[in-house]
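The values are calculated or read from the model by the stated rules, or taken from the named source; none is laboratory data. Values in this document were obtained by computation on a predicted structure and should not be read as measured data. Here the Cβ positions follow ideal geometry from the backbone for every residue, glycine too, while neighbour counts run over all protein chains shown.
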Amino acid sequence: MRLLWGIILLLSIPTAAHAQTCYNHTELLKSLKDQHAEKLVGRGTSHGMIIELFVNSKTGSWTLFYTRPDGVSCPIATGFNWEKTRSGKDT
């Protein structure tokens, strides 16, 4: 699982050819709640950053982002059709 988060984080690091829009962590959380009704379903750390996953269980929308130590949050990926699976079970 740590390897998966590490890969996701590495793939999300912006390059000169790919500018990334980042946000204040508090403002991003408010937007996820108010505009998308997404709630925190998981959190971990990687390379000194916090990785968080927010999901709206009714619509299936989801947002994955990392937050740097300075409180700036950058989206890694967003999407739809999120499905909850059983913990510890192979799918």
**OP:** Out of the residues in region 27-71 that are small (Gly, Ala, Ser) and in contact with a Ser or Thr (Cβ under 8 Å, 6 or more places away or on another chain), state the one that is nearest to Thr85 (Cα to Cα).
**Re:** Ser61
**OP:** Check whether at least one residue in region 8-26 is at pLDDT 95 or above and loosely packed, with under 11 Cβ neighbours inside 10 Å, and report yes or no.
**Re:** yes
Original post:
Regarding Thr67, is this residue touching a Pro at 6+ places or on another chain (Cβ under 9 Å), within 22 Å of Thr26 (Cβ to Cβ), of a type in the set (S, T, N, Q) and at pLDDT 95 or above?
Top reply: no
Original post:
Quick check, is Ser31 of a type in the set (Gly, Ala, Ser) and touching an Asp or Glu at 6+ places or on another chain (Cβ under 8 Å)?
Top reply: no
Original post:
Does region 49-61 contain any residue that is modelled with pLDDT under 95, in contact with a Leu (Cβ under 6 Å, 6 or more places away or on another chain) and of a type outside the set (Val, Ile, Thr)?
Top reply: no
